[in-house]
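Worksheet: one structure, shown below.
The values are calculated or read from the model by the stated rules, or taken from the named source; none is laboratory data. All figures in this text were calculated on a predicted structure; none of them were measured in a lab. Virtual Cβ from ideal backbone geometry, glycine too; neighbours counted across all protein chains shown. Surface areas here come from the heavy atoms of the whole protein model, side chains and all, with no ligands, DNA or RNA. Shrake-Rupley method; radii C 1.70, N 1.55, O 1.52, S 1.80 Å.
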Amino acid sequence: MQIDVFTLFPEWFGWFESQRHVANALAAGHELRYCSYRDHTPLSAGQVDDTPFGGGAGMVLRVDVVDAALQGFYGRDSREVRAERRIVALTASGRILDDGLVDELAAEPALTLLCGRYEGFDERIVEHLATDAVSIGRYVLAGGELAAMVVMDTVVRKLPGALGHEESAREESFSAALEGAPEYPHYTRPAEYRGWRVPEVLLSGHHERIREWRREQSRRRGQSG
Ligand code: 6GU
C-alpha cells in the first residue's frame with residue numbers, strides 16, 4: 001500500500017515512522033510519502049492559509065494551495081488523481097474513524113491524507129478535491145497531523161507484514177472476529193502479584209473453557225460501553 005500525506009509539518013512523521021510496526025510495514029514494501037503544502041504554494045512567502053470570508057477567528061487552508069500541491073506532487077490534474085485513489089481530508093466534522101472504516105481504508109492500494117491546520121479547510125477542498133472526510137473523534141485538534149498518524153497507525157497495523165503474528169490483528173478489540181466487541185482482558189506472569197491473582201481458567205490449559213471465558217468477557221465489556 002502507498003500512503004501519501006499532505007501537511008505543513010512533514011518532519012513530525014519521522015517519529016511516527018520509527019515505530020516497530022510501521023518500520024516493519026515499510027520493510028515489507030509498503031510506502032509512506034510526504035508532501036509539504038509550502039513546497040507547492042503559488043502564493044508568496046510560503047503562504048498557505050487565509051482569513052475566513054464572513055469574518056471570524058482563525059485561518060483557513062486555501063483551496064488553490066491544496067490543489068497546487070496535488071497537481072505538483074502527482075504531476076497531473078487533481079481531478080485525475082481523485083478518480084484514481086481515495087483522498088481523505090482529516091477534519092473534526094468528518095466520518096468517525098472506527099474499525100470498519102480502518103478495514104475499508106486498509107483494503108485500498110493507495111491513499112492520500114490531507115492535513116488541515118488552524119480553523120481547518122476551505123470547504124471546497126473537502127467537496128471537490130477529497131473523496132472522504134474523516135474525524136478521529138468529537139473534539140477539536142489544532143491540526144490534522146495527529147489524526148493522520150492515528151489513521152496511518154490503525155491502517156498500517158492491518159497490512160500484511162506489519163505485526164509479528166498475523167493473528168494479533170484478527171481477534172482484537174472491535175474486530176469482526178469478536179463481533180465488534182472490545183477485546184477480552186490479557187494477563188501474563190507472575191500468576192500472582194501482591195495477592196492479585198490471574199483468573200484460574202487461564203492457567204487451566206483447558207482451551208475450550210478459555211475460549212468461552214474470553215468470549216464472555218469480551219461480550220460483557222461490549223455491554224458496559
Ligand atoms: Cl481529523 N482534525 C482536527 N483538526 N480535529 C479533529 C479531527 C481531525 N478529528 C477529531 N478532531
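In segment 64-103, of all residues being within 16 Å of the ligand (Cβ to nearest atom) and of a type in the set (Gly, Ala, Ser), the one that is most open to solvent (accessible area, probe 1.4 Å) corresponds to Ser93. Taken over segment 1-39, the criterion of being open to solvent by less than 50 Å² (accessible area, probe 1.4 Å) and in a strand (DSSP E or B) is satisfied by Gln2, Ile3, Asp4, Val5, Phe6, Thr7, Leu32, Cys35, Ser36.
Restricting attention to segment 111-162 and to residues that are farther than 22 Å from Ala57 by Cα and modelled with pLDDT under 95, the residue that is surrounded by the most Cβ atoms within 10 Å (Cβ to Cβ) turns out to be Ala162.
Yes or no, residue by residue, for (1) away from the ligand (no atom under 14 Å from the Cβ); (2) closer than 19 Å to Glu17 by Cβ:
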site	(1), (2)
Cys115	no, yes
His128	yes, no
Arg138	no, no
Arg157	yes, yes
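Go through segment 180-197 and count every residue that is farther than 30 Å from Asp103 by Cα and within 34 Å of the chain's Cα centre (by Cα). So the count comes out to 1.
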